[in-house]
1. What FRET efficiency comes out for the pair Asp89/Ala131, r = Cβ-Cβ distance, R0 = 30 Å, nearest 0.05?
2. Please list the non-local residues whose amide H lies under 5 Å from the amide H of Thr65, H modeled 1.01 Å from N, same-chain partners needing a gap of 5 or more.
3. Counting other C-beta atoms within 10 Å, which of Thr121, Thr65, Thr57 has the fewest, and how do the rest follow?
4. Taking amide H positions as placed in the peptide plane 1.01 Å from N, state which residues far from Arg106 in sequence (5 or more) or on other chains have amide H under 5 Å from it.
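No value in this document is a laboratory result; all are computed from the given coordinates. Predicted model, so just to flag it, every value in this text is computed and none were measured. Cβ sites come from the backbone with ideal geometry, for glycine too, and all protein chains shown count toward neighbours.
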Amino acid sequence: MPAPALSLAACAEDAVPPIPFAPARSAYSAAKAAVNSLMTSLRLELRQELPGVHVSTVLPGVVATEFGKNAKHGVPDSRALPYAQPVEDVAALIADLIARPRGRARVPPLLGWIRKAMSRTVRRARVFAQARRSSGYTGGS
C-alpha cells in the first residue's frame, strides 16, 4: 500500500459561498496559501524519488465544527451555516484519498462543482439579460 502524506487546507477563500479576503485574515490566508504551495511542490519533488509516497491536499471548505467558538475576529459558528459540510464527509474523503491517491480533493466534490457551475450560469444569465435590455430588444420579430 502506498504511504500517504496528507494536509488539510481548509481555506475560507475556497468556500462556497466564498468568505472575502479581509485584513483580519491576512495571516490565515497566507498560511493556507503556503500549505497549498508546499504540498504541491512536495508532490512534484517526491514523485520521481519516492513514487510510493502520495502527497495530497484536502480542501473541505466550511466544516461544521466548534472552531468558531475560539477563533479571533468574529468567525461565525460554522455549525449554523447552511452550506457547512459534516465532519463525517471530510473523514470519508480522507479515507478515499488514502485508498485512491490524487493531488487535491474537495468536499463534497460533486456538490462543489454544481455550486460553481450554477453560480457561473446565473452570472451569465444576468449579463445576457442586461445586454438584451440595453439593446432595446423586446422579443418581437
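1. Values: r = 39 Å, r/R0 = 1.32.
Using R0 = 30 Å, I get an efficiency of 0.15.
2. Ser78, Arg79
3. Thr121, Thr65, Thr57
4. It is Leu59, by chain and number.
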